[in-house]
Amino acid sequence: MNFHKYPIISTNEHLTYEFLSEGPKGTIKKVIYFQEIGDNLYNLAFGDWDEAEQGMDDKARSNNMTGIK
């Protein structure tokens, strides 16, 4: 399958990733966090960046998908 890819920005530790989702609802900043919760065990969090709160909203459902592949 060939899907549309977004450029991604990462921290040096590769625990935080950001990208801009472009679609029918405009441009939405998406964030992915990896948090170590045990020995070689990680939690993955994904959501929209909330500028007002300066944090990630993992309950957001922006549904900004397009039919582009």
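Calculated FRET efficiency, residue 53 to residue 16, Cβ-Cβ distance, R0 = 22 Å: about 0.85 to the nearest 0.05. Length available on full extension from residue 64 to residue 32: 0.36 nm per residue minus the Cα-Cα distance, which gives 9.9 nm.
Extending 7 Å from Cα along the Cβ direction at residue 3 and again at residue 46 yields two label points whose distance is 0.7 nm.
Since every read-out is calculated from the coordinates, none of them should be taken as a lab result. Just so we're clear, the structure is a prediction, and the values are computed from it rather than from any experiment. Because the Cβ atoms are built from the backbone with ideal geometry, glycine has one as well, and the counts that use them run over all protein chains shown.
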